[in-house]
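Below: one structure, written as structure tokens.
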Amino acid sequence: MKKNLMGVAAAVLAMSMSMPAFAHEVTVKGGTNNTPEPTVEHEENLHGFNDVDKKDNATVNKAVDKNAVVGVGNNKLEGNEIITIEDLAVMLWSMEGSPVTPGKIAPAAVNSSVYAKQAVKWAVAQNIIGETEDPQRNATVADVKAMLAAYGLDMSEVVGSPTEATRMRALELIAEAEMREGIVVYDDWERGITHDGEDGGDIDIAY
């Protein structure tokens with residue numbers, strides 16, 4: 001027993017000799033001693049949700065500006081919750097001002113939750129999701145990117161894994177993406193003529 005105690009005492013002594021005298025004042029960051037932790041400035045919470053980490057304020061603020069934020073009530077976003085196809089449809093529908101979509105209800109809309117029926121019906125009419133899509137299934141990041149691209153956002157430079165998507169990840173993709181800028185009139189496409197707005201008047205966007 002004495003031998004073991006002596007061994008422990010020697011090990012503790014060796015460790016104490018190898019550490020700085022004021023170890024609590026030294027920050028080891030990336031292998032460099034005496035480097036203070038960087039001060040990160042976070043955007044102010046302008047979105048009103050009380051369950052969003054301050055590091056995500058910039059993302060959620062941008063999403064609010066685009067009218068894409070869908071909370072769950074009581075000032076909660078629940079950004080870590082897995083997002084469904086119909087949840088994302090509601091986000092995009094909200095970004096468009098929640099338009100009424102007349103006509104036949106698609107099977108996807110019939111199978112959607114009550115709060116999402118109009119949004120899913122609109123998304124089907126806009127070819128953002130298919131008529132037979134299961135609106136209540138969990139969306140992957142690949143699903144989110146495909147729906148955002150169909151909506152008209154440029155996703156070519158946006159990186160994302162093909163795994164499950166959370167509400168926060170969807171908002172990140174929305175915040176990062178920009179509307180496509182290509183303005184082309186189909187009649188001129190075959191002749192190789194594009195329009196930049198300098199030939200007189202606004203031109204309808206055709207994708």
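The values are calculated or read from the model by the stated rules, or taken from the named source; none is laboratory data. The structure displayed is predicted, hence computed values, not measured ones. As a convention, Cβ positions derive from the backbone with ideal geometry for all residues, glycine included, and neighbour counts pool all protein chains shown.
Mind counting the residues in segment 68-110 that are more than 22 Å from ALA146 (Cβ to Cβ) and touching a Ser or Thr at 6+ places or on another chain (Cβ under 6 Å)?
1
Would you pick out the residues in segment 118-158 that are of a type in the set (A, V, I, L, M, F, W, C) and under 15 Å from the mean Cα position of the chain (by Cα)?
ALA139, VAL141, ALA142, VAL144, ALA146, MET147, LEU148, ALA149, LEU153, MET155, VAL158
Output the residues belonging to segment 149-173 that are of a type in the set (A, V, I, L, M, F, W, C), under 20 Å from ALA58 (Cα atoms) and part of a helix (DSSP H, G or I).
MET168, ALA170, LEU171, LEU173 - these are the residues of segment 149-173 that are of a type in the set (A, V, I, L, M, F, W, C), under 20 Å from ALA58 (Cα atoms) and part of a helix (DSSP H, G or I).
Might you let me know whether segment 21-41 holds any residue that is among the acidic types (Asp, Glu), closer than 23 Å to TYR151 by Cα and either modelled with pLDDT of 65 or more or loosely packed, with under 10 Cβ neighbours inside 10 Å (or both)?
no
Just name the residue that is surrounded by the most Cβ atoms within 10 Å (Cβ to Cβ) out of those in segment 83-124 that are of a type in the set (D, E, K, R) and not in a helix (DSSP H, G or I).
So the residue we want is GLU96.
With under 25 Å from VAL52 (Cβ atoms) and either surrounded by fewer than 20 Cβ atoms within 10 Å (Cβ to Cβ) or touching a residue at least 60 places away in the same chain (Cβ under 8 Å) (or both) as the only criterion, which of ALA149, ALA165 stands out?
Matching residue, one of ALA149, ALA165: ALA165.
Can SER161 be described as at pLDDT below 75 and either over 24 Å from the mean Cα position of the chain (by Cα) or not basic (Lys, Arg) (or both)?
yes
Anything in segment 129-146 that is part of a helix (DSSP H, G or I), without any contact (Cβ under 8 Å) to a residue 60 or more places away in the chain, crowded, with 18+ Cβ neighbours inside 10 Å and of a type in the set (A, V, I, L, M, F, W, C)? List them, or say none.
VAL141
Identify all residues within segment 65-117 that are basic (Lys, Arg) and under 23 Å from the mean Cα position of the chain (by Cα); write none if there are none.
Hits for segment 65-117 are LYS66, LYS76, LYS117.
Under 8 Å between Cβ atoms, at least 6 apart or on separate chains: pull out the pairs that start in segment 83-102 with a residue that is at positive phi and end on any residue that is assigned to a helix (DSSP H, G or I).
SER98/GLN118; SER98/ALA119
Can you go through ALA206, ALA170 and tell me which one is at pLDDT 70 or above and among the small types (Gly, Ala, Ser)?
The unique qualifying residue is ALA170.
Of all residues in segment 48-70, which are closer than 14 Å to SER94 by Cβ and free of Cβ contacts under 8 Å to residues at least 60 places away in the same chain?
Once the filter is applied, which keeps residues that are closer than 14 Å to SER94 by Cβ and free of Cβ contacts under 8 Å to residues at least 60 places away in the same chain, segment 48-70 yields VAL64, ASP65, ASN67.
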